[in-house]
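Coordinate-derived values only; no laboratory data. Remember, it's a predicted structure, so these values are computed and weren't measured experimentally. As a convention, Cβ positions derive from the backbone with ideal geometry for all residues, glycine included, and neighbour counts pool all protein chains shown.
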Amino acid sequence: MKYVIRGNKPLYGDVKISGFKNAAASILPGLILVNGVCRIENVPDIDDVRLTFQIMKKLGAKIRSIATDIVEADSTGISCLSVPYELGCLMRASHFFLGSLLGRFGQAAVPLPGGCDLGTRPIDQHLKGFEAMGAKVQVKDGFVYASVPHGSRLKGANIRFDMVTVGATMNLMLAATLADGITVLENAAKEPHIVDLAAFLNAMGGDVQGAGTNLIKIRGVRSLHGGTYSLIPDQIEAGTYMAAVAAAGGEVRLTNVIPRHLDCISSKLREMNVEILESESSILVRRLGSLRPADIVTMPYPGFPTDMQPQMASVLCLAEGTSQITEAIWEDRFRYAKELCRMGARITVNGRQAVIHGVPKLTGANVTACDLRAGAAMIIAGLAAEGITEVGEIHYIERGYQNLTEKLAGLGADIRMEQ
Ligand code: EPZ
């Protein structure tokens, strides 16, 4: 499958942002901790979420769809503590089943995670944390096996991460929620989805304090009860539409957003001559005139999100002047640059830095989505480019963007999916 885009058309109208993929990534596996029925709202309808529910069903959970974005999950009858290889290896977030299965049942087997190829993606900090809590951890035959002695629970521990890691912070929060005693996570990540995971766990009877700071304290409880929880909106999906308006021009209102989660993206776009007007749960994005260049350095939250770096690069290709992007999180996140160059972009990559010399226009070409956000960058470039752009390998994009073609077509874009 591919997306075919006839570009050079400004975008106008309203678009509703879906629930946050990366919050769903840990909160849905977190449902395994709950001995009861949970109703989760604002769930994004994307491939990664469908895969997560498939895994949960294999483990013995009952999943019922109430509406497109509302799901009911009952984890009382979990009978299998091993994530099937053929499902778990397909996405990164499968490693969160380690924290939740180990936390509730004291035992888990999960395939080493897949996901976007952004360079090496070790999970040593996750495993180090489980071990500090008393688990025996073994990596064998493509699986991680973790267990505590029969009849016992994980034990609260002080864990200091060697680097700021979103995934390990969330995995240890899951594991510590039903542990015996208090767990303290130092040098914790502060992303909005970490605060969201803490709010979910607390809504179900957990005791997590300090999420959103670099010190998180989790007092283990005996069990979690059912309840209702609504996921936060997807700041990266919102940022992607903001970048699309910046590149293609026009005026678009994004609804179902939390503007303060977008502060970093908004201020960078303002620097580039894009107007952003915020209200309580929506923002208006309007491209004012020609784009100004800007420098970006990706950082853990509240710094500029690495997951918006490729999309911003597409916008900067069209700025009047030279911009520089420094990628501080991932070792190999510029593979999309050569694809943009096929469309007439002028980008030089040197290690973790890219220098972008703005060009007056991009032209349509056949390009490939190297990963999820790289794919979003291709679409943004295609929307702004003259002529037709075909984007291949779109399974990466379908993993993380709900109804992308429908949402963009609703803003007047000429985009369709083809065989
Ligand atoms: C999450 O990945 C997101 N994925 C990524 O988004 C995002 O880019 C990243 O956080 C940073 O914000 C999901 O939520 C599913 P990390 P994660 O642990 O948790 C190193 C997207 O496009 N590290 O914060 O895997 C690691 O190599 C995806 O939506 C270790 O060395 O990221 C990296 O350099 C792509 N050992 C840095 O830390 C570890 O045990 C940050 O990784 C863990 C991480």
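Of the GluC sites (Glu not before Pro) found in the range 243-330, the ones in coil according to DSSP and having at most 11 other Cβ atoms within 10 Å of their Cβ are 280. Secondary structure note: in the range 268-419, about 65% of the DSSP beta bridges are antiparallel. Secondary structure note: in the chain, about 70% of the DSSP beta bridges are antiparallel.
Take 70-80, 300-310, 163-173 and order them by the average number of nearby Cβ atoms within 10 Å per residue, most first; the result is 163-173, 300-310, 70-80.
Calculated mean residue ellipticity, 222 nm, the chain: -9000 deg cm²/dmol, from DSSP H runs (n ≥ 4) at -39500 (n - 2.57) each, averaged per residue and rounded to 500. Expressed as a fraction of 2.2 N^0.38 Å, the rule-of-thumb size for a compact globular protein of N residues, what is the C-alpha radius of gyration of the range 1-49? So the Cα radius of gyration is 1.72 times the expected 2.2 N^0.38 Å. With all pairs of different C-alpha atoms in the average, the Kirkwood value for the hydrodynamic radius of the chain is 21.8 Å. Normalised by the number of residues in the chain, the mean separation of alpha-carbon contacts (under 8 Å, six or more apart) gives a relative contact order of 21 percent.
Placing R0 at 41 angstrom, the Cβ-Cβ distance between residue 403 and residue 207 gives a FRET efficiency of 0.65 after rounding to 0.05. Rounded to the nearest whole Hz, the Karplus-based 3J(HN,Hα) values (6.51 cos²θ - 1.76 cosθ + 1.60, θ = phi - 60°) of the range 17-22 follow the sequence 7, 8, x, 6, 3, 6, with x at glycine and proline.
Extending 7 Å from the Cα toward the beta-carbon at both residue 223 and residue 158 defines two label points whose distance is 3.4 nm. With both labels modelled 7 Å from their Cα along Cα-to-Cβ, the residue 66 to residue 120 distance reads 4.5 nm.
Packing around the peptides 177-184, 378-385, 23-30, 146-153, taken as the average count of other Cβ atoms within 10 Å per residue, puts them in this order, highest first: 378-385, 23-30, 177-184, 146-153.
Taken as Cα centroids, the range 1-64 and the range 249-294 sit 25 Å apart, rounded to the nearest whole angstrom.
For residue 295, the residues whose modelled amide H falls within less than 5 Å of its own, excluding neighbours fewer than 5 places apart on the same chain, are 324. Summing +1 for each Lys or Arg and -1 for each Asp or Glu among the other residues whose beta-carbon sits under 15 angstrom from that of residue 289 gives 0.
How big is the antiparallel share of DSSP beta bridges in the range 258-334, given as a percent to the nearest 5?
Details: 5 of 9 bridges.
Roughly 55 percent of the DSSP beta bridges within the range 258-334 come out antiparallel.
For the range 199-231, the list of trypsin sites (Lys or Arg not before Pro) that fall in a loop by DSSP and count at most 15 other C-beta atoms within 10 angstrom reads 222. Summing +1 for each Lys or Arg and -1 for each Asp or Glu among the other residues whose beta-carbon sits under 14 angstrom from that of residue 56 gives +3. Counting only alpha carbon atoms, the long axis of helix 96-105 and the longest principal axis of the chain meet at about 20°. Once you reduce the range 351-401 and the range 86-140 to the center of their Cα atoms, the two points are 31 Å from each other. Label sites at residue 417 and residue 353, each approximated as a point 7 angstrom past Cα along Cα to Cβ, lie 4.1 nm apart.
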